[in-house]
Amino acid sequence: MPGDASQEKAVAAKPRITREQIAQRAAQELTDGAYVNLGWGIPNLIAEYLPKGITVYFHSEDGILGMGPRAKPGQEDFDQVDAMKVPVTLIPGASFFHQADAHLMTRGGHLDVAVLGGFQVSEKGDLANWKIPGAKGSGGIGGAMDIAAGAKTLIVCMEHTTKDGAPKIVKQCTYPLTGLACVDVIVTDLAVIDVKPEGLVLREVAPGWTAKEVQKATGAPLIATSRVAEIPFV
């Protein structure tokens, strides 16, 4: 129907929250005293947005525990970088160690939370985040499999759809998998979604969006209450 097509275009054109706002919302999921690993992309921005009054010990696969926000221009120390090789600051009590020890921490269940980027997440919480079929190169799995399997809680931050508008939250992943049934929370530019045994529970929607509109942009069924809250920003 022509009306349906124009309505879908209008929904597609509606403003979404930014990558920085995704990171800010994900930061609200962290608790005081948690040991947290941040992955590439949007997760790497989270240290800038920690809620006031809490201390989080950010972990880097490069061998740091106690990272602070990214270093500002003129403060960079290139011996002190995160997994993206971006210079970072340190909080009091930070420590350095061998990269092998850093990976032992991820594999051994010592991380309270990990925040990773994603290419696809399934309705069962399967994660694909290291290779897009057909893309150039061999992909970059890094330590993602160990992190996804070892963290007590896994949060995925990503855009809700691809640049072409295809859903990234799907019934079943079609990309090479990183981990099975490992995702607990998804934070996108449209929504906050909890992965539960009964399915994907829509907790919050982006300002100006409805649960019905978010469902149209999602490739798997969402469970929503009669009134879904808007994503809060402080």
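The values are calculated or read from the model by the stated rules, or taken from the named source; none is laboratory data. This is a predicted model, so every value here is computed, not measured. Cβ atoms come from the backbone with ideal geometry, glycine included; neighbour counts cover every protein chain shown. Remember, those area values only see protein heavy atoms, side chains included, never the ligands or the DNA or RNA. Shrake-Rupley method; radii C 1.70, N 1.55, O 1.52, S 1.80 Å.
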Residue ID - least open to solvent (accessible area, probe 1.4 Å), chosen from residues in segment 57-75 that are in contact (Cβ under 8 Å) with a residue 24 or more places away in the chain and farther than 19 Å from A27 by Cβ: G63
All positions within segment 28-43 that are surrounded by fewer than 21 Cβ atoms within 10 Å (Cβ to Cβ) and either under 15 Å from the mean Cα position of the chain (by Cα) or not in a loop (DSSP other than H, G, I, E, B) (or both): Q28, E29, Y35, W40, G41
Output the number of residues of segment 124-134 satisfying the condition of being assigned to a loop (DSSP other than H, G, I, E, B) and either touching a Ser or Thr at 6+ places or on another chain (Cβ under 6 Å) or closer than 23 Å to R19 by Cα (or both). 6
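Per-residue answers, yes or no, for (1) at pLDDT 95 or above; (2) out of contact with any Ser or Thr (no Cβ under 7 Å at 6 or more places or on another chain); (3) not in a loop (DSSP other than H, G, I, E, B):
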{"site": "M145", "(1), (2), (3)": "no, no, yes"}
{"site": "G165", "(1), (2), (3)": "yes, yes, no"}
{"site": "L177", "(1), (2), (3)": "yes, yes, no"}
{"site": "D194", "(1), (2), (3)": "yes, yes, yes"}
{"site": "L202", "(1), (2), (3)": "yes, yes, yes"}
{"site": "G208", "(1), (2), (3)": "yes, yes, no"}
{"site": "E213", "(1), (2), (3)": "yes, yes, yes"}
Top-ranked residue of segment 152-166 - restricted to ones that are out of contact with any Cys (no Cβ under 8 Å at 6 or more places or on another chain) and crowded, with 16+ Cβ neighbours inside 10 Å, ranked as nearest to V214 (Cα to Cα): H160
From the list A47, A114, A83, which one is in contact with a Ser or Thr (Cβ under 6 Å, 6 or more places away or on another chain), crowded, with 19+ Cβ neighbours inside 10 Å and within 30 Å of K163 (Cα to Cα)? A83
Could you list all residues from segment 1-39 that are at pLDDT 95 or above and either touching a strand residue (DSSP E or B) at 6+ places or on another chain (Cβ under 7 Å) or acidic (D, E) (or both)? E20, I22, A23, R25, A26, E29, L30, D32, A34, Y35, V36, N37
Residues of segment 179-192 being of a type outside the set (G, A, S) and assigned to a loop (DSSP other than H, G, I, E, B), which ones? L180, C182, V183, D184, T188, D189, L190
Of the conditions (1) open to solvent by 60 Å² or more (accessible area, probe 1.4 Å); (2) among the acidic types (D, E); (3) closer than 15 Å to I17 by Cβ, the single one that E213 does not satisfy is (1)
For segment 190-201, which residues satisfy the criterion of being open to solvent by 10 Å² or more (accessible area, probe 1.4 Å) and closer than 21 Å to E20 by Cα? D194
I'm checking my understanding of the structure. Among residues of segment 167-189 that are in contact with a Lys or Arg (Cβ under 6 Å, 6 or more places away or on another chain) and without any contact (Cβ under 8 Å) to a residue 60 or more places away in the chain, which one is most open to solvent (accessible area, probe 1.4 Å)? A181
Segment 190-230: number of residues that are of a type outside the set (D, E, K, R) and either in contact (Cβ under 8 Å) with a residue 40 or more places away in the chain or under 21 Å from T162 (Cβ atoms) (or both): 21
